[in-house]
1. Working only with C-alpha atoms, what are the Rg and Dmax values of region 349-403, expressed in angstrom?
2. Averaging sequence separations of C-alpha pairs under 8 Å and six or more residues apart, then dividing by the length of the chain, give the relative contact order as a whole percent.
3. Out of all Cα-Cα pairs in region 281-411, roughly what percent, to the nearest whole number, are more than 17 Å apart?
4. Restricting everything to alpha-carbon atoms, can you work out Rg to Rh for region 393-485 with a Kirkwood hydrodynamic radius?
5. Along its three principal axes, how long is region 242-321 when you only count alpha carbons? Whole Å, largest extent first please.
6. What's the whole-number percent of alpha carbon pairs in region 375-430 lying beyond 16 angstrom?
7. I'd like to know how region 314-482 sits against the 2.2 N^0.38 Å rule of thumb: what's its Cα Rg over that expected value?
8. What do you get for Rg/Rh of the chain when both radii come from the Cα atoms and Rh is the Kirkwood radius?
Ligand SMILES: C[S@@+](CC[C@H](N)C(=O)[O-])C[C@H]1O[C@@H](n2cnc3c(N)ncnc32)[C@H](O)[C@@H]1O
């Protein structure tokens, strides 16, 4: 039932590209409304903890699966657990990953229809590759992983399932571009899958003869992108030393924190994956893992959530001479030369890969660096008259915000004021104001609208914070910085 909803939403989100896509993957077991607050694939999912233990895994006796509030389900300590405790140990055979072998019963054949489908998915959509395996196991009667799969969410609030209106509500073109790209891929891949499977013998059908469409493919891709971990594997099947995506039943009930109380450790000798507590965990406290130092773009696109004051979030801009001249003029810099840099400035811009053939023009504001080092170095160089000092300075100094006015206070003042003006221009690109977003969030809105508005609000708050920080830096510059020489 919810799969049908997901299908409808995917159609709405991609109306521009869509021809037809309506049915959804139906599991052999009936899909009815779940009794849980966080609907799962099966109305009464199997006991995941019991299954892991029965299959040779270990689960700390003081751990349980519980309601993690707005974060969905989570693993929680039912009593205090000391630091350094083994929380979960998962045998390798319970991990769900792509394995190819001609004669191993636990693996898929390298010439199988599943492998043909996997090969048609671009590497950057690795979640879809493993998603195909997940769909195969979801469709298979008697799958080893059914107790795990029955506990997976039946739908995901991630942007590929947003309505067209909520995709627009993101107000941020790099993310809208990614969402549209994924939707387009899913719609095209649906057709690919049908054509590959058209003449496949029923016994070889990867999805036990069931129909697979853009919606079910989207479900599988989202299940993997929001739950898989990338582990470094050295086996020949997985490619030597590559990061291989793996689904880790039960371990993937842990929610994310940048300050996690647990870590995943690979126990090579026993071929087990462990979760070990990094700190003591008090009663009722959830076990958390760090999913990565990601921007909100990735958190929303892959996981369906947005982190407030995310120190890794940034906005992406294009290094564009005309735009930067406009920013510099707005900052009070007379005749800036971003559109027509001098030869020595072009040399520095080339070293920064911001000029010439193959230049990489994407730059960021925000994140740990606060101002993209390449952008800052370019500003310092283009807004300086001191050719000798610029050519003598090493790039790493020019790129560092903590380097104190490497080309003199006048250039530093102009550079920082121009970054502030660029922040203002970036803010103006968002059609709504911070106060409007805050007031929308107080209203009665759908989860996807809430996520979209929260996403754009966080971007804007990040820019405002950056402007404050840069203004503080400008204010402490000596007064020569304010003379427009
Ligand atoms: C690996 S699963 C964790 C288990 C999940 N809560 C569940 O109910 O199955 C990742 C998902 O949990 C939720 N989640 C995890 N950490 C979160 C956080 N810090 N903030 C909001 N949601 C979070 C998101 O829905 C995310 O897609």
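Read the figures in this text as sums done on the coordinates, not as results from a lab. Just so it is clear, the model here is predicted, and its values are computed rather than measured. Cβ: placed from backbone, ideal geometry, glycine included. Neighbour counts: every protein chain shown.
1. 11.2, 31
2. The value is 17 percent.
3. Here the long-distance tail beyond 17 Å is 65 percent of all Cα pairs in region 281-411.
4. That ratio is 1.15, to two decimals.
5. 57, 35, 19
6. 38
7. Normalised Cα radius of gyration, region 314-482: 1.12.
8. Ratio of gyration radius to Kirkwood radius for the chain: 1.03.
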